[in-house]
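Working notes for the structure below.
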4 protein chains.
Amino acid sequence: MAPAGEKKNILKRLDAGEVVIGDGGFVFALEKRGYVKAGPWTPEAAAEHPEAVRQLHREFLRAGSNVMQTFTFYASDDKLENRGQTLSFTGRQINEAACDLAREVANEGDALVAGGVSQTPAYLSGKTEEEVKAIFIKQIDVFVQKNVDFLIAEWYGPDILNSMHAVCADIVGINCHFDPETCVKTVKLMKEGVEKAGLKAHYMSQPLAFHTPDCGCQGFIDLPEFPFGLEPRILTRMDMHKYAREAYNAGIRYIGGCCGFEPYHIRALAEELEAERGCLPAGSEKHGSWGSGLSLHTKPWVRARARRDYWEKLKPASGRPFCPSMSTPDSWGVTKGHADLMQQKEATSKEQLEALFDKASQGH
Amino acid sequence: MAPAGEKKNILKRLDAGEVVIGDGGFVFALEKRGYVKAGPWTPEAAAEHPEAVRQLHREFLRAGSNVMQTFTFYASDDKLENRGQTLSFTGRQINEAACDLAREVANEGDALVAGGVSQTPAYLSGKTEEEVKAIFIKQIDVFVQKNVDFLIAEWYGPDILNSMHAVCADIVGINCHFDPETCVKTVKLMKEGVEKAGLKAHYMSQPLAFHTPDCGCQGFIDLPEFPFGLEPRILTRMDMHKYAREAYNAGIRYIGGCCGFEPYHIRALAEELEAERGCLPAGSEKHGSWGSGLSLHTKPWVRARARRDYWEKLKPASGRPFCPSMSTPDSWGVTKGHADLMQQKEATSKEQLEALFDKASQGH
Amino acid sequence: MAPAGEKKNILKRLDAGEVVIGDGGFVFALEKRGYVKAGPWTPEAAAEHPEAVRQLHREFLRAGSNVMQTFTFYASDDKLENRGQTLSFTGRQINEAACDLAREVANEGDALVAGGVSQTPAYLSGKTEEEVKAIFIKQIDVFVQKNVDFLIAEWYGPDILNSMHAVCADIVGINCHFDPETCVKTVKLMKEGVEKAGLKAHYMSQPLAFHTPDCGCQGFIDLPEFPFGLEPRILTRMDMHKYAREAYNAGIRYIGGCCGFEPYHIRALAEELEAERGCLPAGSEKHGSWGSGLSLHTKPWVRARARRDYWEKLKPASGRPFCPSMSTPDSWGVTKGHADLMQQKEATSKEQLEALFDKASQGH
Amino acid sequence: MAPAGEKKNILKRLDAGEVVIGDGGFVFALEKRGYVKAGPWTPEAAAEHPEAVRQLHREFLRAGSNVMQTFTFYASDDKLENRGQTLSFTGRQINEAACDLAREVANEGDALVAGGVSQTPAYLSGKTEEEVKAIFIKQIDVFVQKNVDFLIAEWYGPDILNSMHAVCADIVGINCHFDPETCVKTVKLMKEGVEKAGLKAHYMSQPLAFHTPDCGCQGFIDLPEFPFGLEPRILTRMDMHKYAREAYNAGIRYIGGCCGFEPYHIRALAEELEAERGCLPAGSEKHGSWGSGLSLHTKPWVRARARRDYWEKLKPASGRPFCPSMSTPDSWGVTKGHADLMQQKEATSKEQLEALFDKASQGH
């Protein structure tokens, strides 16, 4: 276990041409495990149930992740108290606990710790730049004090961008909201833009592990299946092999994931890039890349699937003949500052909900 | 924490009319987390990575499970050494470790421990009744010594049934291989048969968390998607509500799951049966049944989904327009004792695999 | 052109082991051409637009049909005046015109004329046996006078069956309502029943040209797509090849079609059974069986489809990613004699329709 | 019956703001009726089976078409003799017969006759401009002599465009190859271009009656389903209502169809635009717009479908659970002049076919 300071930092790794495998999305994975509430999506589990968060970090490390993102998504105080949520931990406590957990597990391997900064309700509610900045700075204070290796800022408007400039302008990329295919395409466009401007950068992609060919420009939150009917869209490990290859071919070298990613998805990325990285992850001890582990199966027709071309060609059925293959996204056409987007401390009232239910019914 | 002996045993619970919520499948869940190898599917993680197994037990307990099944699927010595697998733990060590973990977590709540007995390659290979029985007895020895509360025998022929009679003939049901709809239908038929014979029993169902309307009589192993392309078939929590209700209406009172079940699936069962059980699971603290937690979401059109009828009516899209909704199962038509089914200690050779690949290609 | 009397009759043909190719459904084909009204589905076009009916007969003859069914479906006076329909032709005029057209075209080849008898609203409305019989006898009078070669009775209850006994008990089969797969399976069951009873018969199938795997016991009328959204279910000519082969293998020798069949569907049946029948239909002059005509296509990748295995393996896409592959049939659970099924001379009133619209909305 | 000269010509109609309803595709409709051979797709039926062509013209007229296109698609001598086809009629005879049939039926109503000019194999084979022009001029000679009301040129390169300029530059639009959605979108782009250039024009769309969201830039010929597996893609009459409305809203006033259109599709266009055109077509006597005719149906749950919103909301199922909803088009990447595209008089040889079959297999 190397002290944090002695690890090669992220830019050095990327400058040296290394492929950096990211980790997956904690919010969705821990929701399924019972530690995050869908709706507020806040990360109090870092303080409340550290053993669950630690275990998930370990699984990603074992799957090949070179980076442990702190589980600090939506950990700003305004978000923690939004719409009637009452928690027994402060934002500071959660952010500190999350940093400690990420560092603890990162040091069990050779991984780096990345502080994760995300959108705040204050922004959507149209608060001033000052107010929004103040919220971010509070969170970043913890990251600085806890000595994280670098920051990943999740989503932000043009003003916020400036204040981040010094920290992370060297890596640009896409996080969440769209499937790998869309993300890789978008990063390609960013790369073209950067190169046209005569600049240089490293590229990152952290897409969803859900197929979203039918998403509009706002991403998967608008899909009618979000968040409790997304199962049929989950990517297979074979889809992940394809993603890793396409991202690599597009010049992306920080390849990770976001919502929907489970440890086996990250492992598939690491396995696809075995030659480029010169190693397999620890978790591959319990896996045969591209199905080869099936040669140990009891039934002969399953052993017959122990080969790459079988899985590459498979078009997996949904077992859902009454369901379509694509959806029409909701799109109420409201943007930052619109009354519908105003956040509030108190819980959504019954009347407010009824109004929303009506609005939704008319839209369909 | 009550000593095991003071808990109400399984039959007393069922006789009293209680609904018993089972747990989910460890093999698939731990494969995705990186601790089980698809192919051999053996449970050495109980001894190798106890923290991962313990965490999964805790998540099921938190989701509402009243039973912790020991993670002892395929833990017979002949299976552990099948087709070239080499492990550093004996079957006895694994079985003992699994019993200890299940007991430890069961006692963190009011859950019972069930010893899990499963099929052995010796049976498929056509070994004698004596040989097969010997393998089972070795495993059951551990269960007796470790004082499990009851046994669940996973799959067995008519002869084996007799030796189990004293232990568990009072609960009959279905485990694995098919989706909830099929399982509930089948248990209904069993119930009719039992009642026609003037007998009484309790009923159990532990189906897959995969939709399998297209399965033949051998179940999901024959589906071309098994085991690495099953994602689009994963049941949603809404599907689970429906399953819990239908199982309950069919008179089933031991309602659990098998492969594909994640903790949130079990939580959905417990939430659907809140009124019948008189309680919600601990994990519901991080969940609003039927989507109600979404009333805390930032975006108004997602808050508009915070209601039961939205999720009941949703037909979730797969995001996979190039994939069909149903598959044709493989079915080579071989049964117990057939040469193709003979197991072996040594790894499947390249020549053996090539022969299987050819056979599979011709079949399509 | 042989006088009708000199042609080999239907039973002689079947007794001699010949395969008899039927024709297709006039009601649906002529509705698409603009001569039949969906809803009443009555055949006044035989008198009103004889050129259109004659042309369709010719196309079926050219496609290989050995039988011209008179276009007399629903040509009873009570049906012609049902629910507000006003027509300028009587049932007798329509029946006579239809017989003349069928005979005219039949004699352009070696085809036989079959009188088509169908269900009457009087039956559904619960009229007495006498009343229902009287309606049938009126229609049969025309057939006898016009000297049709044999009768096909479309659907009827047990009482009516007796009065038909002398005429057509020698051929039993299935008409309309289900797809070929279901029809062939059902005729197989009928055949087993007949043979178990020590009887002999010839077998007929005249299924839909629509895929209906999701139909309940009442057939395609209950599908939500009936009748204006059935397009995605239309069988391809390749599906027809399969149907012809399976019907033949099941011992069916009168192989035809019903609603949805277009001339090219009948041609496909005749082409599949070329060897068994010893001839190709005239229409095959404009067709290459199994796609072979594509060897004359301009584009090379279309010429590459000029082979049987290409079309046998093709799983045709719907181009409809927002649509499911299966539907839930409507089923109001009403049967003969129920108030909802009462027929009436006058048009359905606005109030009656509103009540139905409400009932339908609640059911979904 | 007005003499041709006294009818209002096409530009006068469009200049006056009238909506002109076109007709549908003869090639596909007559192939299904048994008079056109898929592969060469030539229109010899105009001379060989005039009664079949006349009947189809009448059905389109009855459905509301204001234009009868001469059935002269691919009626050039080089195409008639391409790839081993031997016909007993010359191009001139076919073109003349087609003009006579179109004029005969057009004069039964108030329709105009449009001469149809299409691509010639000479163009694909890379013949000189002179050679290609000579072929076109031969066909246009007949049109001039037969006094057609205007010409529609189906597809052509930039050189040919010039020679057409005087004849039809006043109407621009899209024919065949793509579905209505794509065509309307494309015409919108053309309109923007024309208007940006400060020009004026009338706009036409004659799309396929097949859904082709998955088509590449070459259109439906490249889809693996072309031409014998397109059934699941056929548009419903409700899809046609939508097309008519969108085309109208886009400023298109010549609204017709191409391959796949049957008379009932054209009738749906005319019914959607009843208010704009001030009339319903004759064929609507046998139709109730938007399903209203179903108020006469025997079964109450079908009467409950006699309303617009039922059909507007319906997502029709395919009944094909083993099929996907989208396909990957073939695309060999060859263009005009490439060896693979060379046409020949003699039939495609077995060796040539084998080479194509191999090429196709490797591509998948």
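The values are calculated or read from the model by the stated rules, or taken from the named source; none is laboratory data. On a predicted model such as this, the values are computed, not experimentally measured, just so you know. In this analysis, Cβ positions are derived from the backbone assuming ideal geometry, glycine residues included, and neighbour counts consider all displayed protein chains. Side chains are part of the model used for accessible areas, which takes the heavy atoms of the whole protein and leaves out ligands, DNA and RNA. Shrake-Rupley method; radii C 1.70, N 1.55, O 1.52, S 1.80 Å.
Among the residues of region A:271-294, write down those that are within 10 Å of chain B (Cβ to nearest Cβ) and polar (S, T, N, Q).
Listed by number, the residues that qualify are A:Ser284, A:Ser292.
From the set of residues in region A:58-88 that are basic (Lys, Arg) and farther than 23 Å from B:Pro300 by Cβ, which is least open to solvent (accessible area, probe 1.4 Å)?
Going through the qualifying residues, I end up with A:Arg62.
What is the one condition in (1) closer than 30 Å to B:His211 by Cβ; (2) outside any loop (DSSP other than H, G, I, E, B); (3) open to solvent by 60 Å² or more (accessible area, probe 1.4 Å) that A:Phe357 does not satisfy?
For A:Phe357, the exception is condition (3).
Do you know which residues across region A:292-334 are over 27 Å from the mean Cα position of the chain (by Cα) and of a type in the set (Val, Ile, Thr)?
A:Thr298, A:Val302
Residue by residue through region D:217-245, note down the ones that are in a loop (DSSP other than H, G, I, E, B), surrounded by fewer than 24 Cβ atoms within 10 Å (Cβ to Cβ) and either in contact with a strand residue (DSSP E or B) (Cβ under 6 Å, 6 or more places away or on another chain) or at the interface with chain C (Cβ under 7 Å from one of its Cβ atoms) (or both).
In the first step, residues of region D:217-245 are kept if they are in a loop (DSSP other than H, G, I, E, B); the result is D:217-219, D:223-230, D:235-236.
Then keep just the ones that are surrounded by fewer than 24 Cβ atoms within 10 Å (Cβ to Cβ); that gives D:217-219, D:224, D:227-228, D:236.
Matches in region D:217-245: D:Pro224, D:Phe228, D:Thr236.
Can you tell me which condition C:Gly260 does not meet? The list is (1) in a loop (DSSP other than H, G, I, E, B); (2) facing chain D (nearest Cβ under 8 Å); (3) open to solvent by less than 30 Å² (accessible area, probe 1.4 Å), and all the others hold.
Only one criterion is unmet by C:Gly260, namely (2).
Would you point out the residue of region A:89-101, among those that are open to solvent by 20 Å² or more (accessible area, probe 1.4 Å) and touching a residue at least 24 places away in the same chain (Cβ under 8 Å), that is nearest to A:Ala38 (Cα to Cα)?
Restricting to residues being open to solvent by 20 Å² or more (accessible area, probe 1.4 Å) and touching a residue at least 24 places away in the same chain (Cβ under 8 Å), the top hit is A:Phe89.
Of the residues B:Phe178, B:Phe89, only one is at pLDDT 85 or above, part of a loop (DSSP other than H, G, I, E, B) and in contact with an Asp or Glu (Cβ under 6 Å, 6 or more places away or on another chain); which? Reasoning before the result, please.
On the way: B:Phe178 fails: in contact with an Asp or Glu (Cβ under 6 Å, 6 or more places away or on another chain).
Step by step, each of B:Phe178, B:Phe89 is checked, and only B:Phe89 is at pLDDT 85 or above, part of a loop (DSSP other than H, G, I, E, B) and in contact with an Asp or Glu (Cβ under 6 Å, 6 or more places away or on another chain).
On the basis of being within 24 Å of A:Ala114 (Cα to Cα), more than 13 Å from chain B (Cβ to nearest Cβ) and in a helix (DSSP H, G or I), does A:Ala268 make the cut?
no
For region B:263-286, which positions are open to solvent by 20 Å² or more (accessible area, probe 1.4 Å), closer than 18 Å to A:Val36 by Cβ and not acidic (Asp, Glu)?
Those that are open to solvent by 20 Å² or more (accessible area, probe 1.4 Å), closer than 18 Å to A:Val36 by Cβ and not acidic (Asp, Glu): B:Leu280, B:Ala282.
Would you be able to tell me the number of residues in region A:115-127 that are surrounded by fewer than 24 Cβ atoms within 10 Å (Cβ to Cβ) and within 20 Å of A:Val144 (Cβ to Cβ)?
Here the count works out to 1.
Hey, can you tell me all the residues within region C:111-151 that are in contact with a strand residue (DSSP E or B) (Cβ under 6 Å, 6 or more places away or on another chain) and not in a helix (DSSP H, G or I)?
C:Ala111, C:Leu112, C:Val113, C:Ala114, C:Gly115, C:Gly116, C:Val117, C:Val148, C:Asp149, C:Phe150, C:Leu151
From C:Pro281, C:Pro329, grab the single residue that is in contact with a Leu (Cβ under 6 Å, 6 or more places away or on another chain) and over 26 Å from D:Glu351 (Cα atoms).
C:Pro329
Looking at (1) in contact (Cβ under 8 Å) with a residue 12 or more places away in the chain; (2) more than 7 Å from chain A (Cβ to nearest Cβ), which is the one condition that is false for B:Ala360?
Of the numbered conditions (1) in contact (Cβ under 8 Å) with a residue 12 or more places away in the chain; (2) more than 7 Å from chain A (Cβ to nearest Cβ), the odd one out for B:Ala360 is (2).
Do we have A:Glu104 as part of a helix (DSSP H, G or I), among the acidic types (Asp, Glu) and free of Cβ contacts under 8 Å to residues at least 12 places away in the same chain here? Working first, answer last.
On the way: part of a helix (DSSP H, G or I): yes; among the acidic types (Asp, Glu): yes; free of Cβ contacts under 8 Å to residues at least 12 places away in the same chain: no.
So A:Glu104 fails the test.
Hydrophobic (A, V, I, L, M, F, W, C) and within 14 Å of chain C (Cβ to nearest Cβ): does that describe D:Val53?
Yes: the conditions hold for D:Val53.
Does at least one position in region C:262-270 carry a residue that is free of Cβ contacts under 8 Å to residues at least 12 places away in the same chain and among the β-branched types (Val, Ile, Thr)? Spell out how you get there, then give the answer.
Filtering region C:262-270 for residues free of Cβ contacts under 8 Å to residues at least 12 places away in the same chain gives none.
Within region C:262-270, not a single residue is free of Cβ contacts under 8 Å to residues at least 12 places away in the same chain and among the β-branched types (Val, Ile, Thr).
How about region B:301-356: which of its residues are of a type in the set (D, E, K, R) and out of contact with any helix residue (DSSP H, G or I) (no Cβ under 8 Å at 6 or more places or on another chain)? Outline the logic, then answer.
Of the residues in region B:301-356, the ones of a type in the set (D, E, K, R) are B:303, B:305, B:307-309, B:312-313, B:315, B:320, B:330, B:336, B:340, B:345-346, B:350-351, B:354.
B:Asp309, B:Lys313, B:Lys315, B:Lys350, B:Glu351, B:Glu354, listed by residue number.
Test of understanding: among C:Ile234, C:Ile252, C:Ile221, which residue is under 30 Å from C:Phe322 (Cβ atoms), touching a residue at least 40 places away in the same chain (Cβ under 8 Å) and among the β-branched types (Val, Ile, Thr)?
Being under 30 Å from C:Phe322 (Cβ atoms), touching a residue at least 40 places away in the same chain (Cβ under 8 Å) and among the β-branched types (Val, Ile, Thr) holds for just one of C:Ile234, C:Ile252, C:Ile221, which is C:Ile221.
Look at A:Gly34 and say whether it is at pLDDT below 95, open to solvent by less than 10 Å² (accessible area, probe 1.4 Å), on the phi > 0 side of the Ramachandran plot and in contact with a Gly (Cβ under 8 Å, 6 or more places away or on another chain).
Judged against the criteria, A:Gly34 is not a match.
Just checking, which of B:Val184, B:Val167, B:Val194, B:Val172 is outside any loop (DSSP other than H, G, I, E, B), at pLDDT 95 or above and either surrounded by 14 or more Cβ atoms within 10 Å (Cβ to Cβ) or in contact with a strand residue (DSSP E or B) (Cβ under 8 Å, 6 or more places away or on another chain) (or both)?
That would be B:Val184, the only listed residue that is outside any loop (DSSP other than H, G, I, E, B), at pLDDT 95 or above and either surrounded by 14 or more Cβ atoms within 10 Å (Cβ to Cβ) or in contact with a strand residue (DSSP E or B) (Cβ under 8 Å, 6 or more places away or on another chain) (or both).
Return the residues of region B:295-345 that are within 18 Å of B:Phe210 (Cα to Cα), within 7 Å of chain A (Cβ to nearest Cβ) and surrounded by fewer than 20 Cβ atoms within 10 Å (Cβ to Cβ); say none if nothing qualifies.
Those that are within 18 Å of B:Phe210 (Cα to Cα), within 7 Å of chain A (Cβ to nearest Cβ) and surrounded by fewer than 20 Cβ atoms within 10 Å (Cβ to Cβ): B:Leu314, B:Lys315.
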